[in-house]
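Contents: one structure, followed by commentary.
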Amino acid sequence: MLLIIAILIWAIFNSFSGCLFKPYYEYSVQEIEVMQELDKSYELSSEPSILYLSDGVCSYYINSKSYCRYYYPLPVQRANYNPNLYETQVYKETFDCILNYSGDFIVVQTDWFDLNFEKNKPIKEKIYSSYGVVDETPTSKRHYVIFKKK
């Protein structure tokens, strides 16, 4: 009897109308719509490469490769919380890659990649001196800023 109750509870929480799955589903649908609209508005998927300063999720929606080796600049983002990373080769390569970018678009997820950290100051200066904000798009969990070359 206890097993049947447990199975019923599990089925309710994991069903399409279940209270655990539904909010995630609604969030996913909203994010897909937002990213498709951004892609359509700025034709991001037609770009040969884009600099993604995000957690990597937007690259699933935008069919354009990352300018840098990784779709997300994890070594640079994590170095702000783990200073030992500043001395690593992967940090230096990723940081240099970001500074050497000269493509048309940059996607920054501001709630994940903080341009205001002191060590990110050269990145912020490069972006704001050469690019302008064309869109700020929050989803229910992420906030994206799209920069276009001036």
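A few remarks follow.
- Every residue from region 1-33 that is at pLDDT 80 or above and surrounded by 11 or more Cβ atoms within 10 Å (Cβ to Cβ): Gln30, Glu31, Ile32, Glu33
- All positions within region 117-134 that are modelled with pLDDT of 95 or more and outside any helix (DSSP H, G or I): Tyr131, Gly132, Val133, Val134
- Candidates Val76, Val90 - the one that is in contact (Cβ under 8 Å) with a residue 40 or more places away in the chain and assigned to a helix (DSSP H, G or I): Val76
- Matching residues in region 125-150 - criterion: being touching a residue at least 60 places away in the same chain (Cβ under 8 Å) and more than 12 Å from Tyr42 (Cβ to Cβ): Thr139, Ser140, Lys141, Arg142
- Per-region count, region 98-124, residues within 22 Å of Tyr61 (Cβ to Cβ), of a type in the set (Asp, Glu) and either free of Cβ contacts under 8 Å to residues at least 40 places away in the same chain or exposed (fewer than 15 other Cβ atoms within 10 Å of the Cβ) (or both): 1
- Count of region 34-60 residues which are under 14 Å from Asp104 (Cα atoms), surrounded by fewer than 20 Cβ atoms within 10 Å (Cβ to Cβ) and not hydroxyl-bearing (Ser, Thr, Tyr): 4
- Selection from region 36-67 of residues that are of a type in the set (A, V, I, L, M, F, W, C) and not in a helix (DSSP H, G or I): Ile50, Leu51, Leu53, Val57, Ile62
- Residues that are of a type in the set (Asp, Glu) and free of Cβ contacts under 8 Å to residues at least 12 places away in the same chain within region 38-73 comprise just one, Glu43.
- Residue tally, condition charged (D, E, K, R) and under 18 Å from Glu43 (Cα atoms), over region 58-116: 2
The values are calculated or read from the model by the stated rules, or taken from the named source; none is laboratory data. Small disclaimer: the values here were computed from a predicted structure and weren't measured. Neighbour counts run over all protein chains shown; Cβ positions are idealised from the backbone, glycine included.
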